[in-house]
Structure formats: C-alpha cells, structure tokens
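Following: one structure in structure tokens, then a few remarks.
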Amino acid sequence: MLPKTAEYALRAVVCMASDEHAQSADHLAAATQVPRRYLHKVLQALVRAGLARSQPGPRGGYALERAPEAITLLDVVNAVGAVERIRACPLQLKTHTRLCPLHQELDNAYAAVEAAFARVTVAQVMRQPGVPTPLCEVGGAK
C-alpha cells in the first residue's frame with residue numbers, strides 16, 4: 001500500500017531527525033539501507049517540499065528544515081507522492097457515476113491511512129517509550 005519511495009523518505013527523515021547536524025548522503029544511505037542514487041532523488045524531493053535542506057561544503061549534507069514536531073508522516077509521504085485516493089471508477093465504466101462498493105471500501109482504507117499519517121509526527125515516532133529506536137539495532141545485535 002505504501003510505495004517504496006515513501007518508505008525510503010520516511011527512513012531518511014527519521015535518520016535526519018536523530019541528529020540536528022547535517023548528514024552526508026553516504027551516511028544517510030548506509031543508516032537507512034537505501035541505495036545512494038535512489039536516496040539522492042528522495043532527498044531532492046524532500047528539499048523541494050521544504051522538509052529538508054541541503055548544505056554544501058565539507059561539513060555539509062542534509063538536515064531537516066523544520067523541527068520533527070512540525071513534520072507529520074503524511075508530510076513526508078506527500079513529498080514523494082501522495083496517498084492515491086480513488087475519485088472515479090478505475091475501470092472508467094460510464095455507468096459508474098459513483099464508486100462501486102469495492103472501490104468505495106478501498107478508498108475508505110486509503111482515507112484511514114491518510115488520516116493516521118496526518119496524526120503522527122516524526123517526533124512522536126522517535127520518542128515512543130519502551131520500543132526500539134527507529135533504524136537502530138537494539139542490545140548490540142548485528
């Protein structure tokens with residue numbers, strides 16, 4: 001249901017949220033386990049959306065443009081491609097002037113995903129007590 005690009009964007013934003021300093025694309029690629037070339041495109045989309053900034057130079061890299069408390073998971077997903085809602089019959093049937101029961105249920109599920117992502121900030125994901133820290137091994141596991 002969630003495109004791989006959105007998953008990669010979420011990983012990158014969580015990684016950037018873990019450190020206020022700019023992080024190199026190489027570091028982000030290793031930490032998020034995203035191919036560097038693909039990650040570069042994702043990072044560019046995050047910059048265009050105003051969620052991240054790119055800093056050139058030896059101490060440059062990528063960092064969040066806004067505080068993690070001000071970025072929802074939906075903001076991140078929308079930066080790389082919105083949750084696809086069903087507005088009209090996907091089969092383009094002329095007799096379907098509204099969504100059939102099947103496509104209405106699918107759209108309801110997409111709406112629920114959209115609403116859930118809109119309620120949760122990156123900071124909330126990072127600060128859940130008693131659960132593993134995103135993108136980090138726990139207890140020295142390798």
- Task: Consider only pairs whose beta carbons are under 6 Å apart and that are at least six residues apart or on different chains; among these, list those whose first residue lies in the range 96-114 and is over 15 Å from Leu2 (Cα atoms) and whose second residue is at pLDDT below 85.
- Result: His96/Cys89; His103/Ile86
- Item | Matching residues, the range 100-119, being within 14 Å of Ala82 (Cα to Cα) and charged (D, E, K, R) | Asp107, Glu114
- Item | Criterion: touching a Phe, Trp or Tyr at 6+ places or on another chain (Cβ under 6 Å), small (Gly, Ala, Ser), at pLDDT 95 or above and within 19 Å of Val125 (Cβ to Cβ) - qualifying residue of Ala52, Ala67 | Ala52
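Look through Val47, Val13 and report the one residue that is touching a Ser or Thr at 6+ places or on another chain (Cβ under 6 Å) and of a type outside the set (D, E, K, R).
Val47
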- Name the pairs: first residue in the range 21-50 and under 20 Å from Pro68 (Cβ atoms), second residue charged (D, E, K, R), Cβ to Cβ under 6 Å, at least 6 apart or on different chains? Thr32/Arg11; Gly50/Glu65
- Considering only residues of the range 86-142 that are among the small types (Gly, Ala, Ser) and modelled with pLDDT of 80 or more, which is farthest from Leu51 (Cα to Cα)? Ala109
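The values are calculated or read from the model by the stated rules, or taken from the named source; none is laboratory data. Just so it is clear, the model here is predicted, and its values are computed rather than measured. Cβ atoms come from the backbone with ideal geometry, glycine included; neighbour counts cover every protein chain shown.
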